[in-house]
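The structure under discussion appears below in the form of structure tokens.
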Amino acid sequence: VAAAVMRPDAVFAPTREGSPWRRRAGNVRVALEIARDQPLAGVGPGGFAEAFPQYRSVGDNESRHAHDLPAELVAEWGVPVGLALSALFFWVFVEPVVGFASDPRTFASGLAVGVAAFAIHNLADFTAFLPSLLIFAAVCRGLIAKDAVRERAVPAVRAAWVAVAVAVAVVTAGA
């Protein structure tokens, strides 16, 4: 709401030249054209950025990502695998909020809403392709797993996992 009030020219004018909506739509259009031309194998993981300039039209921005997770996955992995990966991604991150049956004012319910919001945000951005955010979302998703075995953790093993998670976070933050 604040963005709409402060920048009505950007939020309420999706057809305006240079509008973020129009630029994102151009990225998705390119991804779908790539998927149309390479429907089975795509252009390979991470290949969207390489293929983008060949499909770019006048007025499109320069981008390394489609800013839409399903569109980028079908462009890079092909339609069958891209759709399967998209379905898996959304099932993993949206299912907890859909299937949540306990008190909605708990830490777990807050995490469920957070990971679902993360997934839905990937329909308009590429945050799942950022390792630090994806790892954080995966850890949050793991904290609300219903079928997780609730055994007492061995302190040395727990410390090792925490050290690995911190090391990965430091490396990805530096990248």
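The values are calculated or read from the model by the stated rules, or taken from the named source; none is laboratory data. For clarity, every value in this text was computed on a predicted model and none was experimentally measured. With ideal geometry, Cβ positions are generated from the backbone for all residues, glycine too; neighbour counts draw on all protein chains shown.
Mind listing whichever residues of region 159-172 are at pLDDT 70 or above and either assigned to a loop (DSSP other than H, G, I, E, B) or under 28 Å from the mean Cα position of the chain (by Cα) (or both)?
Within region 159-172, the subset at pLDDT 70 or above is 159-171.
Listed by number, the residues that qualify are Ala160, Trp161, Val162, Ala163, Val164, Ala165, Val166, Ala167, Val168, Ala169, Val170, Val171.
Do the conditions hold for Val30, that is, is it closer than 14 Å to Phe126 by Cβ, of a type in the set (A, V, I, L, M, F, W, C), assigned to a helix (DSSP H, G or I) and without any contact (Cβ under 8 Å) to a residue 60 or more places away in the chain? Break it down into steps so the answer makes sense when it comes.
Values: closer than 14 Å to Phe126 by Cβ: yes; of a type in the set (A, V, I, L, M, F, W, C): yes; assigned to a helix (DSSP H, G or I): yes; without any contact (Cβ under 8 Å) to a residue 60 or more places away in the chain: yes.
So Val30 fits the description; yes.
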Exercise. Please specify each residue of region 52-81 satisfying the condition of being surrounded by 14 or more Cβ atoms within 10 Å (Cβ to Cβ), assigned to a helix (DSSP H, G or I) and at pLDDT below 90.
Key: Phe52, Tyr55
Quiz item: Just wondering, is there one or more residues in region 8-18 that are modelled with pLDDT of 85 or more, of a type in the set (A, V, I, L, M) and either part of a loop (DSSP other than H, G, I, E, B) or within 25 Å of Leu130 (Cα to Cα) (or both)?
Solution: no
Quiz item: Which of the residues belonging to region 100-147 are at pLDDT below 80, over 22 Å from Val162 (Cα atoms) and among the hydrophobic types (A, V, I, L, M, F, W, C)?
Solution: Phe100, Ala101
